[in-house]
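Read-outs: derived from the displayed coordinates by stated rules, not from any lab. Nothing here was measured: the structure is a model prediction, and the numbers come from that model. Note that each Cβ is placed from the backbone with ideal geometry, even for glycine, and that neighbours are counted across all protein chains shown.
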Amino acid sequence: MTHKIFEINEPGLQTTIQDLGRYGFQNIGVPVSGPMDPFSFKIANTLLNNPLNCACLETTYLGPKLTALNDTLIAITGAKSIAKINDEEIKLWQPIEVAKGDVLSFESPLQGIINYVAVKGGIEIPLIMNSRSTYLTGSFGGQEGRVLKKGDVLFNNINSSNNEFIKTSFPIGFDFIKPSDSLELRILITNSTNKFSRESIALLWESTYTISSNSNRIGYRLNGPDINHIDGADIISSGNEFGAIQVPGDGQPIVLMADRGTTGGYTKIGSIITPDISKLAQAGPNHKINIRPVSFNEAQEILSNTDKVIKSLASRVAGQDTKIRVIYQNEDYDINDLSDKKITDSNKTKENSEVNSQKYKVQYNGETYNLDIETYT
Amino acid sequence: MNEEQPIIESTGDCFVSVRFRNEINAQINNKVHNLFKLLSDNSNIGILDLIPSYNSILIQYNPTELSIENLIRLIEQNLSALETTETKQTVIEIPVLYGDKYGEDLDFVAEHNNLKPHQVIEIHCSPEYLVYMLGFTPGFPYLGGMDESISTPRLTTPRTLIPAGSVGIADKQTGIYPSESPGGWRLIGKTPLTLFNHEQNPPSLIMPGDLIRFVPIKSINEYETLLNLVKTNKFTPNKNIKNDA
């Protein structure tokens, strides 16, 4: 059953409806679209026990102001934003009850640039090519192929079967770094790298790039030292990956994002691993970034750990979690494998940093587990 | 060994590319489309999407449902089945009104190649063009097979708006704009057909691997009649199946 849930009072800067994306039509040139930060998107739906593909609002920079037309349940994830219901600040990363007549509003994000607003049952809007995602350039999908505007009314679709679930929060939130720090993006290099000289590749690892303000849902442009080609920037046109780092003739890399063209004729140096695409999307313009290569196995392990975090939240929400889990720095540890194990925050190990060691005793089913967590400041 | 093996490569944590010999030709492209058909089988759980192009196919998959080892095994099995796959191609007729305001650059293309405009039309209408791939914008066909005697360089300053259905030439290529967009191609004509409509199923009239043939429309009246039929969904383009067993 569909219900009216929100009316838009103020649309925000760029608010669109997105589901996980439009798959199955890239062979005829239709871009995937979908969330720029798939991690936060999936957590938002999971917190409401929604199927992962339910349509949510994606806000960029400034979120919208909405009036609730019915009682509903929402979850907001993504950027560290101040969100309010009737002028009272609400928590992100957990389910929030909204009553008919309530006004939901946002202030500009403090960290990150994109928020997701999931609603119980998902936003209901007609499917275009099997998806509810908005493709702005093509003017189709979502709300008539455009950003939301004042007066738009949103619907949700309540399926009575999945209303019972455990309301829990996702306290880890998003792993933001300080805006002044450089964000490290891990990439898988591809073979077509023989299009670039060794010096050029070395330059990519050694240099700091800045995300250009000329960035959008199609691509994030990076400003920094030119990556030179051995023999021109053109290749035979081929399919484009989400997160691919394309290097056109001018040597300035472009990371291909959610609304990327399906195919392209420029050289690519590799692809950013999926969990880091979310970080890049949230970093936004003027943020500094560094790029470092990872092996395929490393990439698959990181991806599988991220996936476990989402699945573990899903089983807690569904009340099916039978184990105690320790979640730290987006990694999910099974307590049964943790006896006397030390979790070290290796990503942030730096010289001159102070070690902050905390000891925990976790008792479960008559067993005692010793847990040391070391963090570096 | 005469036939070299295609390169199977992970190009991302959720992407694998299968690349045949690094050139643009119809035989290689045919392998891409046949492999696409085999891999699009619905029983291949874990494959999210497939992007066929000139000489390669990009596979997006979900590694939690389909391991890289199993995906590579699946690709290799299908590659060995390629040789016995029957190729069926659809030939689609695209009616085009050439010249005047429908193709403002027809005279320029003729002059540039020392031809009369009617000769450009004849040459443009004679081959069957292979749709190597769709990309750039939804439904945009990359066509091969244009006679080089009508090749013409692009405009130095692209037009800011080209109407949907425009047929143009850029160097040795010809193409059709499926939707309104800016562009630098020399426009020689316009088709009343809708190439891409997101509300239709299938949304694209032309599919990768199809053949297309341009058929000249004789008068503005005929163009308008066709356009009305298209708009009221009463027009079915001529499609013939060609077997290249």
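Residues of the range A:49-71 with an amide N closer than 18 Å to a point placed 7 Å from the Cα of residue A:167 along the Cα-to-Cβ direction: A:49-50, A:68-71.
Counted residue by residue at 0.36 nm each, then reduced by the alpha carbon distance between them, the extension gain from residue B:82 to residue B:224 reaches 46.7 nm. Each of residue A:197 and residue A:7 was given a label point 7 Å from its Cα along the Cα-to-Cβ line. The distance between the two points is 6.4 nm. For residue B:155, the shell of other residues with beta-carbons less than 13 Å away shows a net charge of 0, using +1 for Lys and Arg and -1 for Asp and Glu.
As an exercise, use a Förster radius of 45 Å and the Cβ-Cβ distance of residue A:230 and residue A:315 to find the FRET efficiency, rounded to the nearest 0.05.
0.35
Its Cα gyration tensor gives the range B:1-137 an equivalent ellipsoid. The semi-axes, each the square root of 5 times an eigenvalue, are 40, 16, 14 Å from largest down. Each Cα pair under 8 Å and six or more residues apart adds its separation to the average, and for chain A the resulting relative contact order is 17 percent. Within the range A:106-199, the GluC sites (Glu not before Pro) that combine a DSSP coil assignment with at most 11 other C-beta atoms in a 10 angstrom radius are A:164.
Direction-averaged projected area, Cα convex hull, chain A: 20.1 nm², rounded to one decimal.
Site pair residue B:235 and residue A:356 shows an inter-label distance of 6.9 nm when each label is modelled 7 Å from Cα along Cα→Cβ. Using R0 = 35 Å, the C-beta based FRET efficiency linking residue B:242 and residue B:104 works out to 0.55.
Shielding by partners for A:308-319, please: the mean number of other protein chain Cβ atoms within 10 Å of each residue's Cβ. If you can, show how the numbers build up before the last one.
Details: counts 1, 0, 0, 1, 0, 0, 0, 0, 0, 0, 0, 0.
Going residue by residue through A:308-319 and averaging, the value is 0.
Across the range B:88-243, Cα-Cα distances exceeding 28 Å account for 13% of all pairs. Taking the simple approach of a point 7 Å from Cα along Cα-to-Cβ for both residue A:65 and residue B:22, what is their distance in nm? So the label points at residue A:65 and residue B:22 sit 5.7 nm apart. Per-residue ellipticity at 222 nm, computed for chain A from helices alone with -39500 (n - 2.57) per DSSP H run of at least four residues, works out to -4500 deg cm²/dmol. Remark: mean inter-chain Cβ contacts per residue of B:42-49 equal 2, using a 10 Å Cβ-Cβ cutoff to other protein chain atoms.
Estimated from the Cβ-Cβ distance and a Förster radius of 30 angstrom, the FRET efficiency linking residue B:128 and residue B:4 is about 0.60.
Counting only DSSP beta bridges with both residues in the protein assembly as shown, tell me the antiparallel percent, nearest 5. The answer is about 90 percent antiparallel.
Filter the GluC sites (Glu not before Pro) in the range B:165-244 down to the DSSP loop ones having no more than 11 other Cβ atoms within 10 Å, then list what survives.
Working: sites: B:180, B:199, B:222, B:224; in loops: B:180, B:199.
Of the GluC sites (Glu not before Pro), the ones in loops of the range B:165-244 whose Cβ has at most 11 other Cβ atoms within 10 Å are B:199.
The spacing between the range B:33-55 and the range A:105-151, judged by their C-alpha centroids, is 29 Å.
Annotation: lysines with alpha-carbon distance below 22 angstrom to residue A:178 (same-chain offsets under eight excluded): A:80, A:91, A:279, A:288, A:348, A:350. Scanning chain B for helices, which whole DSSP H stretches are 15 Å or more long along the axis (Cα) and average -0.5 or more by Kyte-Doolittle? TM-like helix candidates: B:26-39, B:68-81, B:220-231.
Candidates B:127, B:219, B:189 compared by Cα position along the dipole of chain B: farthest toward the positive end lies B:219, with charges placed on Cβ. Of the complete DSSP H runs in chain A, those spanning 24 angstrom or more by Cα along the long axis with a mean Kyte-Doolittle score not below -0.5 are A:296-317.
Peptide B:54-66 is shielded by partner chain Cβ atoms: per residue, an average of 4 of them sit within 10 Å of its Cβ.
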